[in-house]
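Student: This is the structure I have questions about; it appears just below.
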Amino acid sequence: MTDSGGASVRLNTQILAGVVACFVLSGFAALLYQTAWMRQFSLVFGTSELAVAAVLSAYMGGLAVGSAIAAKWVDRIRRPVLFYGLLEAGIAISALLVPWLLQLTHGLYVAVFGGQPEPVDSSGLGQSFFYLGTAFIVLMIPTSFMGATLPLLTKYVVRSDEQVGPRVGLLYATNTMGAVGGTIVAGFLLLPMLGLKGTVYVGVAVNLLVFIVAALIAKAVNGAQIQSDVAPSSDAAQVSAKGLTRRHIILPLMLLSGANSFVYEVLWTRLLGHILGGSVAAFATMLASFLGGITIGSAIAARFATTRAQAIYGLIAVQCGVAVASVLIYHYLPLAIPEQVGLKGNVLLAVVILLPATLFIGASYPFAVRIFALSEKDAAPAAAKVYAWNTVGAIVGATVAAFFLIPALKYEGAVKFAVLMNLALAVVASLLIQSRNSRHRLTIQVATVIALLATALGYRPDVPEDILRTSPVYAPREGELRYYEVGRSATVIIIEEAGFFNIRTNGLPEASTNLKGAPPYKHNQRLLSALPVLARPDIEDMLVVGFGAGATLEGVPPSVKSIDVIELEPEVITANQSISAERQIDPLADPRIKIFINDARSALALTNKRYDAIVSQPSHPWTAGASHLYTREFMSLASDHLTEGGVFLQWMNTQFVNEELLKSLCATMLAVFDHVRVYQWDPEILFFLGSSLPLDVEVDIANTGRPFSDNPVHYLEMGVGSVEDVVVALAMDHENVLRFAGDAIPITDNFNQMATQSARAMDNGETLSVNRLMNVLAPFDPLVQGDSWLHESFPTPLNYTYISRRLEGQHFKRRAVALADTLLARGNPEALIMIGQGQYRQGETEEAQRNLIRAIDLNPDAQQARYTLLRPWFSRLARDPAGLPKRIRDEFAKMKGSSAVVTGAWLAAGAGNYNELAIVDPKLAEVLPTDMWYLDAVKLRADWRIKVTTPGQQPKLAREATRLIDNAIAIYQDPDFYRMRLASSFVADEVLDIIETARRLIYIFEQEVDRAEHGEVIPDKRSITVKLRQVEAIQQVLSNIREDDRIPAYKLSSLDARASSVAERLRSLAALKK
């Protein structure tokens, strides 16, 4: 070879390397844009399945249009590298215009569809066409430029027929490799660090860099072409005229192949979402794994796609390969469920699961181009046409899979359909593309047909129940799978477990609701709709964002006249309909409720309706369907739809946030609302309440008694019956929210920390556990601040003894201790009562009595202290009143009011005088929930009703007893209440009440045994024996109703197994005491 010839080869190699490097960067920038644009469009159109599909279709449609145009014009372009560089510059410029066009689109969107009298449903044809049309208009220029780049570079790098497959495969693989990098960098680095706009700006910078490099390459060669060192092939000339005609079949074949590939993409990402979660980073991981397999597959296929004959065999092989790999992946996927779910540590899992099938999917493109191209001169148009058809197929596949195929066939049906499609494509390829002279034609045709028929008749994929039960944030549920459907945006299941229906979407727990017959409890989600009414008792119109299990709607007070609900996934509503007859309260039967299927932002943007209260309960703030509902922009939108003084309530589970995110959420609320408060009804659940007018919730309740006086039973059954209950829940008032938020950065659409940091904080174990949250909130708690308005200027005396008991009962012991310290510092004798209660619980009887006597000496009218002191002496009072210590006898004599009535009733019950109990029942009914003797009063009222033996009265009085217990049980989770409820239900022959009460009692025993086995408590043998007898009594009750056909067999078998297990564990504990 001459020196000039060697230099030419080196120049050609350098030019090729430069072109390939440019195309890597092109793919990198394209995925930066796609990631950012999908989120930017969701802020305008929402995250409904129609809006997402419209944006995806517009993006990929632009690629197809650009490729199709390039196919017609590429042969007229003399300097393709320079023109490619100009396209990259055009992408950069047009990408800068996308946010501006989106704002114009939003204005047009509101102008065309806005002003509605109520929220709108997303299923209307007008909105659908608007989404699609505007998305195409906004994205058409940049995406069509992107689609034209591959044909242009193909024209430049392919200089011989034998290079068609290898060089096209090289470009396709390297561009996809860049896309992998863009996906990872956007999801893990740019969005968290630079936000949406910054991510787009990086893409613009990369496109401009590519333009500069491409211009330099074009200038360096001065229009020279890469010289081929391979002689032109005669392969094209050897193909028969009929064979040339048949090559056009490759276009519809690749259309179907592209469609099928995206069926797999939707299928695998949804299934993997149960393991990895739905965060930005998790989706980036799955998409990068999918694209990574395509990259490798394309690169491998490029080496073998040198002739048309090899490409034909290759295409048949990869279609069969996708089918086989998919069958194996689906079958073995449950075995790959890791012990610790979530993204952290499981990135390799996504790669391992997605790689085998995507290797074959990626290989199909270079094989198809090699088959379709007549020669090197036809390479660029052929690459463009195949790419365009394949991309159109991808659009169809993504839309059909998400909207129709997977929802209709579910996962097990969808995977069989996709596998059959691959085998059918292999059959078509073998029948219509192969040359008649192929020696193996008949063998391959018969083999592919047999494989297709055998799969159609013999392949029966199972329901992926293990995957469905898997959650990226919680342990798998072990209960009965009662419902399973795949919706357009989520997979929805219902699991019946421990007396609850638990609803999950995409593996994420949404909410739970009680089964019919279950005892009430303080359900924090029911309180979501009650808190706004506690703040504004005259609320009439309420909006609830998110249906969940309907628990929030179950708690809406009767005083509210109309309730609108916006739900993103229609299958959530269908799931709730499936359990309507079995749930304790059916919100779907409430005539006040009207449901709209839409994204909350989109629905609110198009209506002028205003509400007295808006309750926003989007779960899992890192997911695409929820993260944009935690931003300042959404809260501003909600504020614009509130009446004067209306309230906005935001839910948050602190398992999803760290301290920084919690401060940012407070800062976001403060940026929108003039008055903000934070309530904590559950150790890990926070409610953020905001309004434009002052929120003096506790003061207003103390002054007016409302809304408790409007409907006391409704609130009691949710565990709230007094102003003290609200004070217990108050975590921060407005002044403390301001102090806590400090200079934290609000969450915005551009910098959405919830979307990018929440899942990462969970994976890294940085979120706020109960203890961490207590430490974080303690300095900002007005209840323990000695100079706060609660202690200095509250209009009525607060029952701090009751508050302390509620704090202890809700596992806020540290708050209770801090409150006692605060009261001691203020010289409030109630602190001594609280200390005495704690000492009683710890067995320090003498110290407790000394402190209680001190409290009585400081305040002789302190009936709470007196009752606390005397309650342990009741049994001795009944047996030997004269033997009581003098001080105790004197204090018994000083009891008055309802506490004296309860004491007398207790003595009557001990003597079996139930007639006396019936006589004093009206006075017992006057006892307040805040009174120390309230538990005893309710037990006495229920007890005589249960023990009445008059046959005609038994069922009626037993049901009354159940109602009395239910009114108290949500406030006081006392095991005695559950045992009494079991007895009253048995007497009343309420089998569902029996089952669910027994279930709750067994759960309580399980928790107690767990604590004993872990050394958290050290029970004596007597207490273990008592519990064992109680469990055996439950087993006897279950045995008595075993033949009742009103009870499904699985419920009894489950309870039997759990009762037997806890009984055996108790016997083991008792054996250790010998």
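Student: Between the DSSP loop rule and a limit of at most 15 other Cβ atoms within 10 Å, which GluC sites (Glu not before Pro) in region 962-1022 are left?
Tutor: Working: sites: Glu990, Glu996, Glu1006, Glu1008, Glu1013, Glu1016; in loops: Glu990, Glu1016.
Passing both the DSSP loop test and the Cβ count: Glu1016.
Student: How big is the charge dipole of the chain about its Cα centre, in debye rounded to the nearest 20, if each Lys and Arg gets +1 on its Cβ and each Asp and Glu gets -1 on its Cβ?
Tutor: Details: 93 positive and 98 negative charges, 647 e Å.
Computed about the Cα centre, the dipole is about 3100 debye.
Student: Here is a further query. Taking the alpha-carbon centroid of each part, what is the distance from region 467-539 to region 757-785 in angstrom?
Tutor: 24 Å
Student: Next up: Put +1 on the Cβ of each Lys and Arg and -1 on the Cβ of each Asp and Glu in the chain; which of Gly897, Leu16, Pro142 then has its Cα farthest toward the positive end of the dipole?
Tutor: Of the options given, the answer is Leu16.
Student: Now for a separate question. Could you work out the Kirkwood radius for region 18-225, taking every pair of different alpha carbons, averaging 1/r and inverting it, reported in Å? Please report the intermediate quantities before stating the final value.
Tutor: Details: mean 1/r = 0.0557 Å⁻¹.
Evaluated on region 18-225, it is 17.9 Å.
Student: Follow-up question, since we're still on this one. Given the alpha-carbon gyration tensor of region 477-564, what are the semi-axes of its equivalent ellipsoid in whole angstrom, ordered largest first, with each equal to the square root of 5 times an eigenvalue?
Tutor: Values: eigenvalues 145, 52, 16 Å².
Semi-axes from the Cα gyration tensor: 27, 16, 9 Å.
Student: Going by a ≥ b ≥ c, the root eigenvalues of the Cα gyration tensor, does region 241-472 fall in the rounded group (a/c under 1.5), the prolate group (a/b larger than b/c) or the oblate group?
Tutor: On the way: a/c = 2.18, a/b = 1.67, b/c = 1.30.
Note, shape of region 241-472 comes out prolate.
Student: Measuring from label point to label point, each 7 Å out along Cα→Cβ, what is the Trp100 to Ala21 span in nm?
Tutor: For the pair Trp100/Ala21, the computed spacing is 3.3 nm.
Student: Apply 1/(1 + (r/R0)^6) to the Cβ-Cβ distance of Tyr459 and Lys896, taking R0 = 60 Å, and write down the FRET efficiency to the nearest 0.05. Spell out each step's value before the answer.
Tutor: Numbers: r = 80 Å, r/R0 = 1.33.
Efficiency at R0 = 60 Å is approximately 0.15.
Student: Next up: What share of Cα pairs, in percent, lie more than 23 angstrom apart in region 975-1074? It would help to have the intermediate numbers written out before the result.
Tutor: Values: 1266 of 4950 pairs.
Summing the P(r) tail past 23 Å for region 975-1074 gives 26 percent.
Student: Looking at region 858-959, which GluC sites (Glu not before Pro) are in a loop (DSSP not H, G, I, E or B) and have at most 15 other Cβ atoms within 10 Å? Let's see the in-between values first.
Tutor: Numbers: sites: Glu891, Glu916, Glu926; in loops: Glu926.
Answer by residue number: Glu926.
Student: With a cap of 11 neighbouring Cβ atoms within 10 Å, and only residues DSSP puts in a loop, list the trypsin sites (Lys or Arg not before Pro) found in region 808-904.
Tutor: On the way: sites: Lys813, Arg814, Arg815, Arg826, Arg841, Arg850, Arg854, Arg866, Arg876, Arg879, Lys886, Arg887, Arg889, Lys894, Lys896; in loops: Arg826, Lys894, Lys896.
Loop-located and lightly packed - Lys896.
Student: May I ask for the angle, rounded to the nearest 10°, between helix 441-458 and the longest principal axis of the chain, with both axes built from Cα atoms and the value confined to 0 to 90°?
Tutor: 10 degrees
Student: By a straight-distance test (C-alpha under 19 Å), which aspartates and glutamates pair with Lys1051 as possible cross-link partners, with residues fewer than eight away in the same chain excluded?
Tutor: List returned: Glu478, Glu480, Glu496, Glu497, Glu582, Asp989, Glu990, Asp993, Glu996, Glu1006, Glu1032, Glu1043.
Student: Please report the equivalent ellipsoid semi-axes of region 887-978, computed as sqrt(5 x eigenvalue) of the Cα gyration tensor, largest first, in whole Å. Numbers along the way, then the final one.
Tutor: On the way: eigenvalues 107, 55, 21 Å².
They are 23, 17, 10 Å, listed largest first.
Student: Sorting check: for 138-150, 262-274, which peptide has the highest mean count of neighbouring beta carbons within 10 Å, and how do the rest follow? Before the final figure, lay out the partial values.
Tutor: Numbers: 138-150: 25.4, 262-274: 23.5.
Output ranking for 138-150, 262-274: 138-150, 262-274.
Student: Have a look at Leu527, Thr470, Val446 and report the one farthest towards the positive end of the charge dipole of region 435-548, computed about the Cα centre with Cβ charges (Lys/Arg +1, Asp/Glu -1).
Tutor: With unit charges placed on the Cβ atoms, the residue in question is Val446.
Student: Return the whole-Å distance between the Cα centroid of region 901-930 and the Cα centroid of region 932-987.
Tutor: 13 Å
Student: Then there is this: Dipole size in debye (nearest 20) for region 440-488 around its Cα centre, Lys and Arg Cβ +1, Asp and Glu Cβ -1? Kindly include the intermediate steps, with their values, before the conclusion.
Tutor: Values: 6 positive and 6 negative charges, 57 e Å.
Roughly 280 debye, rounded to the nearest 20.
Student: Taking the highest mean first, how do the peptides 1032-1040, 630-638 order by number of other beta carbon atoms within 10 angstrom per residue? Can you show the working numbers first?
Tutor: Working: 1032-1040: 15.7, 630-638: 21.6.
The most tightly packed comes first, giving 630-638, 1032-1040.
Student: A follow-up question, please. At Ser1068 and Ala825, where each label point lies 7 Å from the Cα along Cα→Cβ, what is the point-to-point distance in nanometres?
Tutor: 4.7 nm
Student: Given axes a ≥ b ≥ c from the Cα gyration tensor, I'd like to know whether region 516-784 is rounded (a/c under 1.5), prolate (a/b larger than b/c) or oblate. The partial results should precede the final answer.
Tutor: Numbers: a/c = 1.35, a/b = 1.14, b/c = 1.19.
Because its axes are fairly even, with a/c under 1.5, region 516-784 counts as rounded.
Student: Spin-label point model (7 Å from Cα, Cβ direction): what's the Glu684 to Ser793 distance in nm?
Tutor: Taking the two extended label points, one gets 3.8 nm.
Student: Right, next: For the chain, what log10 I(q)/I(0) values come out of the Debye formula at q = 0.07, 0.10 1/Å, with one point per alpha carbon and no solvent?
Tutor: Calculated log10 I(q)/I(0) at the listed q: -0.73, -1.22.
Student: Further question on the same structure: Gain in length, Val446 to Tyr332, computed as 0.36 nm per residue apart minus the alpha-carbon separation, to one decimal in nm? Mind dumping the intermediate values first?
Tutor: Numbers: separation 114, 0.36 × 114 = 41.04 nm, distance 2.88 nm.
Between Val446 and Tyr332, full extension yields 38.2 nm more.
Student: Full-extension gain between Arg814 and Asn913, please, as 0.36 nm times their residue separation minus the C-alpha to C-alpha distance.
Tutor: Details: separation 99, 0.36 × 99 = 35.64 nm, distance 4.22 nm.
Net length gain for the segment: 31.4 nm.
Every number in this text was worked out from the coordinates using simple rules, so none of it is lab data. Because the structure is predicted, anything quoted here is derived from the model rather than measured. Because the Cβ atoms are built from the backbone with ideal geometry, glycine has one as well, and the counts that use them run over all protein chains shown.
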